[in-house]
């Protein structure tokens, strides 16, 4: 049975012309011209495939939407989306204790600290985009500046434990060759 990707056009005997708009584990979500959205099992074979779009990689609509939103926000220079902190840190605090016992320690709420970490990450990303788009820098200069940013990301990986989602993590240089 041929697997259909998003954008594939079909003709169903009962619902007529439609387009696959989402892929689910066991079904296609199809928008039919006259009947709207319908779920059709991936094993269904009684329809005519008008145009099959290949499935390169199973990506949910939510994942595609999230990626597109990130790209558009970056391209438009909009403020970044809310990056969630891991639930276990909610209402938590950092305790900074100096080595000098004569100096008083400090307690810092984690939420504002986390927000500053996220803002630093976002500003590094903007800097990275500006370097890549800079007209007067040659490729060698861009690569050299990129290496500094990558090292900054690497230095910030310690704070990844604060993020709820792995896709928000700092990623530095890979040690693999």
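Laid out as a table, the results:
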item	result
Taking 28, 44 and counting other C-beta atoms within 10 Å, the order from fewest to most	44, 28
Order of 156, 119 - criterion: other Cβ atoms within 10 Å of each residue's Cβ, fewest first	119, 156
Whether segment 9-51 is rounded, prolate or oblate, judged on the alpha carbon gyration tensor where a/c under 1.5 counts as rounded	oblate
Cβ crowding within 10 Å averaged over residues, with 107-113, 148-154 ranked highest first	148-154, 107-113
Likely footprinting exposure, 45, 8, fewest C-beta neighbours within 10 Å first	45, 8
Segment 67-168: C-alpha gyration tensor shape, a/c 1.5 cut-off, then a/b vs b/c	oblate
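Each reported figure results from applying straightforward, stated rules to the coordinates on display, with no laboratory input. As the structure is a computational prediction, the values presented were derived from the model and not from experiment. Virtual Cβ from ideal backbone geometry, glycine too; neighbours counted across all protein chains shown.
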